[in-house]
1. Counting other C-beta atoms within 10 Å, which of Lys64, Lys480, Lys323 has the fewest, and how do the rest follow?
2. Label points 7 Å out from Cα along the Cβ direction at Thr55 and Ala430: separation in nm?
3. Tally Lys/Arg at +1 and Asp/Glu at -1 over every other residue whose Cβ is under 12 Å from the Cβ of Gly434; what's the total?
4. How long is segment 411-509 along each principal axis, judged by its Cα atoms, biggest number first, in Å?
5. Can you give the net charge of the other residues whose Cβ lies under 14 Å from the Cβ of Val463, counting K and R as +1 and D and E as -1?
6. Give the Rg (one decimal place) followed by the Dmax (whole number) of segment 243-370, computed from C-alpha coordinates and expressed in Å.
7. How big is the antiparallel share of DSSP beta bridges in segment 257-359, given as a percent to the nearest 5?
8. Tell me the net charge near Glu307. Cut-off is 11 Å between Cβ atoms, Glu307 excluded, with +1 for each Lys or Arg and -1 for each Asp or Glu.
Amino acid sequence: MGEEIQRNLHGRFLNGLAAAPQGAALRLGGRMVTFEELHELALLWAGSLLHAGVTGPVGVLAEKGTTAYAGLLATLYAGTTVVPLHVGFPPDRTARMMSAAGVTAVIADERGARLLPELRERGFYGSVLLPEGGGEGSVAISAAHALAQPVAAPPDAPAYILFTSGSTGRPKGVTLTHANLTHYFGVLDERYDFTPGDAFSQTFDLTFDCAIFDLFCAWGAGAPAVPVPPRGHADLPAFLDDHQVTVWFSTPSGISLARRLGALRPGALPGLRWSFFAGEALRCQDVEDWITAAPHATVENLYGPTELTVTIAGHRWSDESAKLAVNGVVPIGAVHPGHQVLLVTEDGEVTDEEEGELCVAGPQLTPGYLDPRDGEGRFLQHDGHTFYRTGDRVRRLPGDELAYLGRRDAQVQVQGWRVELAEIEHALLAAGDGVAEAAAVGVDGPAGTELVVFYTGEPRPPVELANRLRRTLPHGMVPKRYHHLGELPLNANRKVDRKALAERAGELLSPHN
């Protein structure tokens, strides 16, 4: 059992439990939850789920709090699959995710419980565990049913199901197995020196794959995860100092936010040992500003799509980084050991050139999407191996490192959200109400990538269009800028000229306009 559980994601929590049983696993505001407390809670809930007959994927529908974190752990302890759900997502989207993942039960906090009637109306008939009340849960929480020890799952069993933006308007479900995650954290354990004396920021929503890094790096080391509330960003130096945070992880937009709020004063973040950024292109100037505030921190730019298990490459900032940068963007680094890398042309042919689309094969590669149709064109067979086509264009650098050049397709990263522009267009057109055509573009602005929508048909107030999209899209995917045109520009192939629209969007975002 001991050796088998170490091949499971929840084996990392057990390592932390052994290292610091009375240490904090979570710091939630002024409250601390110890490893022993979280462990006992997870055993209780896991046993209650199993006693109720729950053996399939479990949705965790809760804000960042004890219910959410214990719910994730309890699901793993029960030997089944975590499906993180966002309490702020539109019910239609959440219901589609639950259906696609085959969610058989939900663990919900009070806010999540209030959403259950709408999810029932949309076809969810599974079991419900409500630790905070807020309704009648069908899973009785009883000490008589608590597990004596966590259930060990097979290495190839799904640990997490995460959803990315879908080009057809459907979220795409990605499976991450225990084996995927075991390799991933094995690489991280070799690379970093985390200890029980550290404390990890937890800025990512639990539906983001990077939250897995936050939690299981912290818990594997016997250290606490510290969710950062909005008020924490308002005075970031004070928050990090109060909670003794030593490890920071956010999107690069977190640097822009800290700068706007005056948190990047020289030496303002002295307690940070490590600072990680992922989810968007990281600019050299942002790193330099961050280091001014966090002079004792080692900074890394991490890269990876969900399909390759959280992050698959990393570049450690040094005096040479700016020289390796392309267009002022920090390199994404070398791909993790044990993987193979190919660069391919626009036609999907393997190339010996220094630039091309990055394709990766190896132990962190997902076994696939929940809907096989989502995998069409995303995988490449070569020399007996399956490679994931990331859609990212890269350039080879010395030392097997890679520089990020941009997206091959119409997908962009906005504050960590992986956004397929077609999904925004689909959602806007599906609502009707006079919008005839729509084209969304992502352009670089002062605060990172910004989404701009051009549309034809009847002119509408931007707030009306934004509200329309909020009914079906997560908040982070809703553009703030909308521009009416008499017609969309076309290129020589009679396709929408997205390059021309991107140039127009850049002009509109110019500070001179």
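We did not get these values from a lab; they are worked out from the coordinates using the rules stated. Note that the structure is a prediction, hence the values are computed from the model and not measured. All Cβ positions, even for glycine, are placed from backbone atoms using ideal geometry, and neighbour counts span all protein chains on display.
1. Lys323, Lys480, Lys64
2. 3.4
3. Its environment carries a net charge of -2.
4. Result, largest extent first: 34, 29, 21 Å.
5. Local net charge: +4.
6. Spelled out, the Cα radius of gyration and Dmax of segment 243-370 are 16.6, 51 Å.
7. Of all bridge pairs located within segment 257-359, approximately 75 percent are antiparallel.
8. With Lys, Arg at +1 and Asp, Glu at -1, the net is +2.
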